[in-house]
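Q: One structure coming up, written as structure tokens, with questions to follow.
The values are calculated or read from the model by the stated rules, or taken from the named source; none is laboratory data. Note that this is a predicted model, so its numbers are computed, not measured. No Cβ is skipped: glycine too gets one built from the backbone with ideal geometry, and neighbour counts run over all protein chains shown.
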Amino acid sequence: MEVESNKQNKITNNHRLAIFASGTGSNAAKIIDYFKNNTHIVIALIVSNKKEAGVLKIAEQNNIPTLIIEKENFFKGNAYVNDLEKHTITFIVLAGFLWKVPQQLINSFPNKIINIHPALLPKYGGKGMYGHFVHQAVIQNKEKQSGITIHFVNEKYDEGKHIFQATCNVNENDTPEILAKKIQLLEHKHFPEQIEKILANTL
Ligand code: GAR
């Protein structure tokens, strides 16, 4: 059931985002910064499954509420839908979140969950394909290009509809660390802008 404040958000076209992140949170930091003076798009909650995740410090510095989630509740409970409703969340951004998203959460936010992946999907996606492992595989396979994919989230890892891709060259001497830096630059440049575009098309 839709809570009253969510109805109000739709009427006024306001967006309240939850960012799910478990890593250092460099993308979350860029997104927070990009929207900090935006009155229609508010980063309302940072969600993490790791108590020690760097992203929680970033949330604290920006006075953004946080929610630490546990596996059992996420997959067998109601996927924290009640907590997200309490914060009147209208849209979810995965920025370095590695758990599969349960069906219940997808049903509660239809076409309102997006993810960023550090490769050109459909290649180099799926379970276990994250961060360093992606870049290592790309280099091992002597790919000439890699990049980023922003996509909607469905019940299968990294298989939702693509929204945006950007590419970079992979040079012969690139290490996974060098490639990671190139990919990070692409992510920081494009992710906040793409979120803004997607929200402009989402009521
Ligand atoms: C990003 O590179 C993101 O693409 C990746 O985790 C990193 C998080 O970095 N996500 C995945 O690999 C998802 N399969 P950050 O914590 O610095 O934003």
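Q: Pairs needed: first member in region 80-98, under 18 Å from Ile148 (Cα atoms); second member anywhere, assigned to a loop (DSSP other than H, G, I, E, B) and among the hydrophobic types (A, V, I, L, M, F, W, C); C-beta distance under 8 Å; at least 6 residues apart or different chains.
A: Leu94/Ala21; Leu94/Val101; Leu94/Val153; Ala95/Ala21; Gly96/Ala21; Phe97/Ala21
Q: If you check Lys30, Lys7, Lys100, which single one turns out to be modelled with pLDDT under 95, in a helix (DSSP H, G or I) and among the charged types (D, E, K, R)? Working first, answer last.
A: Numbers: Lys30 fails: modelled with pLDDT under 95; Lys100 fails: in a helix (DSSP H, G or I).
After applying the criteria, what remains is Lys7.
Q: Hey, another quick one. Would you confirm whether any residue within region 164-180 is surrounded by fewer than 18 Cβ atoms within 10 Å (Cβ to Cβ), under 11 Å from Ser146 (Cβ atoms), polar (S, T, N, Q) and touching a Ser or Thr at 6+ places or on another chain (Cβ under 8 Å)?
A: Yes - at least one qualifying residue is present in region 164-180.
Q: Right, something else. Output the residue which, of all residues in region 168-203 that are over 12 Å from His117 (Cα atoms) and among the β-branched types (Val, Ile, Thr), is farthest from the ligand (Cβ to nearest atom).
A: Within region 168-203, the match that is farthest from the ligand (Cβ to nearest atom) is Thr202.
Yes or no, residue by residue, for (1) among the polar types (S, T, N, Q); (2) surrounded by 20 or more Cβ atoms within 10 Å (Cβ to Cβ); (3) within 16 Å of the ligand (Cβ to nearest atom); (4) over 24 Å from Tyr157 (Cα atoms):
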{"position": "Ala18", "(1), (2), (3), (4)": "no, yes, yes, no"}
{"position": "Asp33", "(1), (2), (3), (4)": "no, no, yes, yes"}
{"position": "Ile43", "(1), (2), (3), (4)": "no, yes, yes, yes"}
{"position": "Glu72", "(1), (2), (3), (4)": "no, no, no, no"}
{"position": "Gly96", "(1), (2), (3), (4)": "no, yes, yes, no"}
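Q: Criterion first (out of contact with any strand residue (DSSP E or B) (no Cβ under 7 Å at 6 or more places or on another chain), closer than 26 Å to Glu196 by Cα, at pLDDT below 95 and surrounded by fewer than 16 Cβ atoms within 10 Å (Cβ to Cβ)) does Lys127 satisfy it?
A: On the way: out of contact with any strand residue (DSSP E or B) (no Cβ under 7 Å at 6 or more places or on another chain): yes; closer than 26 Å to Glu196 by Cα: no; at pLDDT below 95: yes; surrounded by fewer than 16 Cβ atoms within 10 Å (Cβ to Cβ): yes.
It is false that Lys127 is out of contact with any strand residue (DSSP E or B) (no Cβ under 7 Å at 6 or more places or on another chain), closer than 26 Å to Glu196 by Cα, at pLDDT below 95 and surrounded by fewer than 16 Cβ atoms within 10 Å (Cβ to Cβ).
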